[in-house]
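Participant: Okay, handing you the structure first.
The values are calculated or read from the model by the stated rules, or taken from the named source; none is laboratory data. Treat the numbers as computed from the prediction; the structure is a model and nothing was measured. Cβ coordinates were reconstructed from backbone atoms using ideal geometry, including for glycine residues, and neighbour counts include every protein chain displayed.
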Amino acid sequence: MTENQNRVAPVTGAAQGIGRGIALRLAQDGYDVAIADLDFQKEKGEGVVKEIEELGRKAVFVALDVTDKDAFEKAVDTTAEALGGLHTLVNNAGIAQVKPILEVTEEELEKIYRINVHSVFFGIQAAVRKFEEQGVKGKIVNAASIAAVKGFPILSAYSSTKFAVRGITQAAAQELAPKGHTVNAYAPGIVGTGMWDLIDEKLHEVNGKPIGQNLKENVDSIALGRIETPEDVAGVVSFFADERSDYVTGQVLLVDGGMLYN
């Protein structure tokens, strides 16, 4: 899309899965993209960089631990220096946790909140600083989930973090609207990535159903009759990152094939 020429977006957790799908879609839309992921994911991340370059856009891998505020600030600066600015941030990185609520430990809560919630604050703060430096009306797109709309059993910690992301998105949208920045979130359902393989395995340990059955039962509940792909999610992010969404802010858009209706 010509409208997006020379726009720049870092995507956290973009070395694989949904993040990779988002990064590739933004590149197709005309964005230059920073693949921001943990250092040990560098090889995979560099692979995504090559895929983007084959699409005719610029890309760079930026090592980032999203739980480190200073590292997030540096990653934003590195992205802007390497690619020529910053116009959109996609706070995609996150983890799941499948465990009965009575068994969740303090350490596990701290870990999932640092990754799923603290990182969203850090990303917003770093991105808005850079937007203001550049005089840019920026776009922030956060990763929510169907678990941001409905809490799910055995996913209590995860659900609570995604409800938090929903609240942060609404509050930040109101605070940043006078500056011209928009803040929205995408809420996927059951996406065919490694995260859901992990969830299926953990559910098996909890309820004893054979590996694959929990996933199948959940997919069977989807109105459109198929599992979600990273490309399905990326289409929503593409909209939020584009000028078509300039009058949309504070929204959490379900992209779940028809599981929840809000």
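Participant: Can you name the residue in region 45-62 that is within 22 Å of residue 119 (Cβ to Cβ) and out of contact with any Phe, Trp or Tyr (no Cβ under 9 Å at 6 or more places or on another chain) and is also surrounded by the most Cβ atoms within 10 Å (Cβ to Cβ) among such residues?
Facilitator: This residue is 59.
Participant: I want to confirm something. Restricting to region 98-128 and keeping residues that are of a type in the set (D, E, K, R) and without any contact (Cβ under 8 Å) to a residue 60 or more places away in the chain, which single residue is farthest from residue 85 (Cα to Cα)?
Facilitator: Checking each candidate, the answer is 103.
Participant: While we're looking at this one, here's another question. I'm checking my understanding of the structure. Among residues of region 192-205 that are touching a residue at least 12 places away in the same chain (Cβ under 8 Å) and touching a helix residue (DSSP H, G or I) at 6+ places or on another chain (Cβ under 7 Å), which one is surrounded by the fewest Cβ atoms within 10 Å (Cβ to Cβ)?
Facilitator: Taking the candidates together, the pick is 194.
Yes/no per residue for (1) in contact with a helix residue (DSSP H, G or I) (Cβ under 7 Å, 6 or more places away or on another chain); (2) not in a strand (DSSP E or B):
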| site | (1), (2) |
| --- | --- |
| 9 | yes, no |
| 14 | yes, yes |
| 32 | yes, no |
| 49 | no, yes |
| 53 | no, yes |
| 65 | yes, yes |
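Participant: Looking only at region 129-145, count how many residues are more than 13 Å from the chain's Cα centre (by Cα) and either farther than 16 Å from residue 241 by Cβ or in contact (Cβ under 8 Å) with a residue 60 or more places away in the chain (or both).
Facilitator: 6
Participant: Something else: If I filter region 148-176 down to residues being crowded, with 18+ Cβ neighbours inside 10 Å and modelled with pLDDT under 95, which single residue comes out as farthest from residue 111 (Cα to Cα)?
Facilitator: The selected residue is 154.
Participant: Now, a different point. Every residue in region 206-237 that is touching a residue at least 60 places away in the same chain (Cβ under 8 Å) and acidic (Asp, Glu), please.
Facilitator: Residue satisfying the conditions is 231 alone.
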